[in-house]
Each structure stands twice: as structure tokens, then as C-alpha cells.
1. Taking the condition within 23 Å of the chain's Cα centre (by Cα) and acidic (Asp, Glu), does ASP183 pass?
2. Can you pull out every residue in segment 413-439 that is among the aliphatic types (A, V, I, L, M), more than 19 Å from LEU379 (Cβ to Cβ) and not in a helix (DSSP H, G or I)?
3. Any chance you could count how many residues in segment 381-411 are assigned to a loop (DSSP other than H, G, I, E, B) and modelled with pLDDT of 95 or more?
4. With modelled with pLDDT of 95 or more, crowded, with 19+ Cβ neighbours inside 10 Å and farther than 22 Å from VAL72 by Cβ as the only criterion, which of VAL172, VAL164, VAL153, VAL136 stands out?
5. Contact list please: Cβ distance under 6 Å, first residue in segment 433-454 and farther than 13 Å from GLN155 by Cα and touching a residue at least 12 places away in the same chain (Cβ under 8 Å), second residue buried (at least 20 other Cβ atoms within 10 Å of the Cβ) and of a type in the set (Gly, Ala, Ser), pairs at least six apart or on different chains.
6. Quick check: anything in segment 284-301 within 21 Å of the chain's Cα centre (by Cα), farther than 16 Å from THR380 by Cα and either not in a helix (DSSP H, G or I) or not aliphatic (A, V, I, L, M) (or both)?
7. Which one of these is in the same structural domain as THR492 (by TED's automatic domain parsing), more than 30 Å from PRO44 (Cβ to Cβ) and either touching a residue at least 40 places away in the same chain (Cβ under 8 Å) or surrounded by 19 or more Cβ atoms within 10 Å (Cβ to Cβ) (or both): VAL306, VAL369?
8. Would you confirm whether any residue within segment 160-177 is of a type outside the set (Phe, Trp, Tyr) and out of contact with any helix residue (DSSP H, G or I) (no Cβ under 9 Å at 6 or more places or on another chain)?
Amino acid sequence: MTKRSIIVAAAMLAAAALPAAAPAEAQQKVLRNVMHSDLKILDPIWTTAYIVRNHGYMIYDTLFGMNEKLEVLPQMVDTWKVSDDKLTYTFTLRDGLLWHDGQPVTAEDCVASIKRWGAKDSMGQKLMGTTAELAVIDAKSFKLVLKEPYGLVLQSLGKPSSNVPFMMPKRVADTDPNKQIEDFTGSGPFVFKKDEWKPGDKTVYVKFDKYKPRSEPANGLSGGKVVKVDRVEWLAIPDHQTAVNALLAGEIDYIEAPPHDLLPVLKKDPKIALVDWNPLGNQYTFRFNWLHPPFNNEKIRRAVEVAFNQEDFLKAVIGDPAYYKPCKAMFICGTPLESAKGTEGLFESKFDVAKQMLKEAGYDGTPVVLMHSTDLVVLTNLAPVAADLMKKAGLNVDMQSMDWQTLVARRAKKDPPNAGGWNAFLTSWVAADILNPVMAGFANAGCDKAMFGWPCDETQEKLRDAFAKETDPAKQKAIAEQVQERTLQIGTHIYLGQWYQPAAIRKEAVAGILTTPAPVFWNVTKK
């Protein structure tokens, strides 16, 4: 038999090309999906890449989960309490939690997992920074003792997207957070079939028959994670037209991110439904690397803000205004923290102004190594637009093309741009990741503790700390506006507008898609 990848490629053109299902598989309910990216990295703490986050939700569980109303509810936790002085949180795990190897989940596992996550994640770092003690009480209970009252404890432990505080066995969680794990034992609703994992071809998960869901109905990322299929396959089909043809032919069941230019084709087919599983949408972002010239200069970073405009990026990638919205709010339009504070004169492509700013900054023509992701349709056209706008402002741009997983690995490197490093790249954040200054990873200006790009600004960190400790909504918004102004002043990143991405499913075969900030496959049925 030829390789699976060859079979799958042929299958996209004709149903007859699919191999006959083996007798055992024929009795199973198998959900076949095409995700937005191929899975090549497996550690959802080591990277923020969304495909790895999606993988995390398949095999790991969380202490808390966020529902559709953005409320944080217990998940692995059964009960929890807070001391009268608001300094000690005590958590007790629910009964019946097992790792995929059959061993019970313990408080010791959870403490180690929180510590590893807290060393990498922006929100986790803030929580750990105000934590005096994180300790095991007994096999099922642990406590978190704060140095001072902190308003985002549960929101941190229930963080819905990258990096998600997934629980792992202690032996795994003890891995250096800057190194990738090699053991993929989880306690979530699916088991990762590493023996069937073939990057560039397929990723396979099977139902964990010993998983004990919560009794409440599934709601967002909270409630009962009831698995209703036997097997989930993520098929790597990089050609989007081929994937759409496969969906129309009934050879696959679900496409996470069909290209926006093909949505009209899908809409016309009565067998296909478009599902808006993430109604809050996403935000495009341009990220600077502060470590190396020219973006180690604040004035040059600000010149880029002046040269950019959101509409060019949104038109080039999304095209249809029904699926995008220019938005000058760092913390998402349509949310309580929406504000245009600090954006006057920015995002308007004032090239003459930008050129003058570069001259005043002493820009000497140092190349900007711009990483260009080529295999994700919702990102592919971003870098060419950025390169064009920067060149019009007078910057010397060296755009280097690569697939997304290569970019993800390269962006973690601190090497000089001419030695395998980088100066800038573009990506997208799901809205639920960036609802406030502490959640927003690119707002972190904690130097070596910041995300790739490594911005370093004490004022920004003091503002983010103040937000975390404030409980009055009006005062929180005022601080969030200060963070937004400071972000634009120092240039940690540039946000480039909001966009929306429906999934496509076979209407008669698939049901139960939940409204979540990350695509999940519990509660999903397959006829």
C-alpha cells in the first residue's frame, strides 16, 4: 500500500480513491478533520501555537474552564475556597480523575503543572509573581497562598487559550519549561496515538474510555466533556481547494479554517453548514524583536506604527468585510475594555511622517528580517503587506518565507537576524486570549520573561500589576487604557484589526460543535 498521504491526496479528487475501511474501523465513529495547520510540535506550554493548543485540549484537562459567558467554572476541581483575608485559595480535585496510563491524578501533579505553566505564560507569570506558596495538602488538595490579594486567580487557572494551564503528570511537568516534553500522557477525554502520528500526514486521537466527565452539560470550555465518537483524525491537506472538494464529496467531516474566498462555494452547497464557533473573533498582530537592530530602537518601532494601517492587512487576507472589522482597541472592540486611547495619528500610513521619524532615529538601512508564513491562508498575505508598507516608509526589508511550524520554532531563537534569528513576524490572537492587559501575552514587557520578542519596560509591568490587583471595573478600564497607551508608545507589538473565521461541516453527519475560543471535539456527534 502507498503512503497514507498519497492516498489522502488522491481521495480529495475522487471518493473511490479512499481505501476501504478495515472491519474494526467500520464499526467505529471516526471524525475526519482538516485543521488550520499541521501538528509538528506537541508541547502546549513550550509554544503558543494554536494547533498545539488544540492538541492540548484533546489530551489534557484543566482545573477550571471558561463558559460561553466568559465565566470561569470548576473543571478538574471539585470544590475550592478562599480565606477571609483573600490570601489563601484551597482547591480539592474531584473523584475519578485518571491519567491515560491508569494512575490517579494527584495534587502533586497539579502543583508541578501550574509551576511549569507559570514560568512561561504571561498571565501565569503575574500569578506566580504574587504567590508566596503553592503547596500540596494531601493527595487531592493543594493550596495557593498569595503575598497580597490578587483579583485574577481563577481567571488565570481558567485561561482559555495559549498558553493554557493544562494539567500533566508531575514527571512530565518537572520538565524545564524551555525544553519540550517527550511524554504525552494526559487525563483528558482523548488519548494521543503517538504510534500513528505522522507529521505532514495525520494525527490520531481515540476516546479515553476511563475519562469521567462532569455532570453539567457542556458550555464553552466548561461542563461535561462527553466524547461521542471513537476516533478523531486530523488529516494534513495543505491545498485548500482539495480540502474543500473532499468536504463537498463527503470524504472528510470538518474543516476548521476554510479560506474566506471559498466560503461562497461552501455556502451554496445544501450539504454544508458554516459554524461560527468563535463569535468573539481574532486579532491580527505584528510582533517586534527588541533584542536586535533596527527594532531595538523605540523610535523606529513607532515609525512602523505610523506607516501601517489596518485596512490593507484585512483586505489582503480576508477580503470580505462581512468577516473583518478595523478596530483601534487593543483589547477587542465590543468588550468592556474597548478604547481608542493613544491611537491618534497611528494606523494611517503616513509615510512622510514615518520617513522623518526614521531619519530622526538614525536608521542606517539595517535589514528587517521579516518572517513570512506561507502555509496558513489566514496569515500568508500579512507579511507581504507589512513588507510593502515598511518599504514605503524607508525600511530595508528582507522577507524570508517558511511554513508556520518553522516560523514557530524560529521565533523562539534569540540569535541575531543574520545568524538564524529574526526582527519581526505576524500572527493572530484569538480574542479570548487578549481581553485584558494580563491575559494579552504580547503586552508582557518583562524582559527575559516576556514572550518571544522580549520587550523590556518596567512602567508597562507596573501597570499590568496594578490592573491585576484592581477590582473596581471603572478603575480597571482606566488602567487598561494606560496599558494601551504605553504599548503603543514603546511598541511591544502592533494590532491590526479583527477578523472572523467560521468552520465548515457536513450538515447531515456532524452536530454538537460548541461555542469556544478553541475548537474542541467532545460533545460532537458523527452519523
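1. Yes, satisfied.
2. LEU435, VAL438, MET439
3. Within segment 381-411, residues that are assigned to a loop (DSSP other than H, G, I, E, B) and modelled with pLDDT of 95 or more number 5.
4. One residue alone meets the criteria, VAL172.
5. Going by the 6 Å Cβ cut-off, the qualifying pairs are GLY441/SER122; ASN444/SER122; ASN444/ALA450; MET451/GLY441.
6. Yes, the conditions are met somewhere in segment 284-301.
7. VAL306
8. So far as segment 160-177 goes, no, none of its residues is of a type outside the set (Phe, Trp, Tyr) and out of contact with any helix residue (DSSP H, G or I) (no Cβ under 9 Å at 6 or more places or on another chain).
The values are calculated or read from the model by the stated rules, or taken from the named source; none is laboratory data. It should be emphasised that the depicted structure is a prediction, and the values quoted were computed from it without experimental measurement. Cβ coordinates were reconstructed from backbone atoms using ideal geometry, including for glycine residues, and neighbour counts include every protein chain displayed.
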